[in-house]
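The block underneath contains the structure these notes are about, expressed in C-alpha cells.
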Amino acid sequence: MSDRVRGFGKASICLHWAVALGIVGMIAFGMVIGAMPSGPGKTAWIQIHKSFGVLVGALALVRLFWRLGQGFPGPAGPTSRTEARAARATHIALLVLTVVMPLSGMLKSVTYARPVEVFGVPVLPQLLAEKHVACNEFASWVHATCGWLLAGLIVVHVCGALKHHLRDRDPTLRRMLWPLPVR
Ligand code: HEM
Ligand code: HEM
C-alpha cells in the first residue's frame with residue numbers, strides 16, 4: 001500500500017487519479033456555472049457544485065496528509081536538479097491548491113450568509129446574518145484565481161508527464177499507473 005523509494009503504492013495511485021478526476025471535473029463545472037445567468041437554475045447547479053466540492057475537498061485533504069506522511073519518491077529517471085526542483089514545486093502547489101479550492105469555496109458560501117450542505121446533509125450552518133461584501137469578494141477572488149492557477153498548473157503537469165513518457169522514455173508515467181515491482 002505505502003510508497004517505496006522507486007515509486008508509488010496502490011493508495012497513492014488511487015488517490016492521485018480520484019482527486020485528479022474530481023478536480024478537473026470541478027474546474028469545468030465551476031467555469032460552466034460561473035458563465036450561467038443568475039436565476040433559480042443557476043442556484044440549483046451551485047448547490048450540486050458545493051456538494052461535490054466538499055466531497056472532492058475531503059478526498060484532497062486525505063491525499064495531502066497521506067503525501068505528508070509518505071514524502072515524495074525520488075525521480076523515476078535521470079533528471080537535472082532544476083527539473084527535479086520544478087517538478088517538486090509543481091506537485092506541492094497542486095497538493096496545496098486542491099485544498100485551497102474547497103476551503104475558499106466554503107468561505108465564499110459562509111460570507112454570502114449561506115449554509116454548506118452535501119446533498120442536504122449539513123456541513124456548516126449559516127454563520128452570518130447577512131452577506132459580508134468585502135470578505136465575500138476576497139473569497140470569490142481566491143476561488144476564481146486559484147481555479148485558473150490550478151488549471152494552468154495541471155496543463156504544465158500533464159505536459160511534463162507526457163514529456164517523460166514520450167521523449168525521455170522513463171517510467172515516470174508508468175509508475176503512476178500501476179505499482180512498479182520491487183527489485
Ligand atoms: C474541489 C474543489 C472546487 C473547485 C476545483 C471549484 C472550482 C470552481 C470554479 C473554477 C469556479 C468558477 C470561478 C468563479 O466564477 O468563481 C467556481 C465557482 C463557484 N464555486 Fe467552486 N470549486 C470547488 C469547490 C467549491 C466548494 C466546496 C464550494 C462551496 C461550498 C464552492 C462554491 C462555488 C461558488 C458559490 C461558485 C460561484 C458560482 C457563481 O456564482 O458564478 N466551490 N468553483
Ligand atoms: C491526465 C492527467 C494527469 C497525468 C497524466 C498525471 C501524471 C502524473 C504522474 C506521472 C505523476 C508522478 C510524477 C513522479 O513520478 O514524480 C504525478 C504525480 C502527481 N500528480 Fe498528476 N497527473 C495528472 C493529473 C493530475 C491532477 C489533475 C492533479 C491535481 C489536481 C495532479 C497532481 C499530482 C500530484 C500532487 C503528484 C505528486 C504525487 C502525489 O502526491 O500523488 N495530477 N501525476
Positive-end residue of 59, 80, 140, charge dipole of segment 10-176 with Cβ unit charges: 80
Paramagnetic reach from residue 91 (point 7 Å along Cα→Cβ, amide N under 18 Å) across segment 7-26: 7-21
Eligible aspartates and glutamates near residue 163 by straight Cα distance, threshold 13 Å, same-chain separation 8 or greater: 83
Relative contact order computed over the chain (Cα-Cα under 8 Å; 6+ residues apart), in percent: 28 percent
Value of D in µm² per second that Stokes-Einstein yields for the chain, Kirkwood Rh from Cα pairs, at 37 °C (0.692 mPa s): 183 µm²/s
Cut-off under 5 Å, modelled amide H: who pairs with residue 127 long-range: 114
Degrees, to the nearest 10: 10-34 long Cα axis against longest axis of the chain: 40 degrees
Amide H partners (placed H, <5 Å) of residue 118, local residues excluded: 123
Set of lysines near residue 131 by C-alpha distance (under 27 Å), chain-local residues within fewer than 8 positions excluded: 42, 50, 108
Residues 51, 80, 104 arranged by fewest to most Cβ contacts within 10 Å: 80, 51, 104
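Where a number appears in this text, it was derived from the coordinates with a stated rule and is not lab data. Here the structure is a predicted model, which means the values were calculated and not measured. Here Cβ is always computed from backbone atoms with ideal geometry, including for glycine, and neighbour counts include all displayed protein chains.
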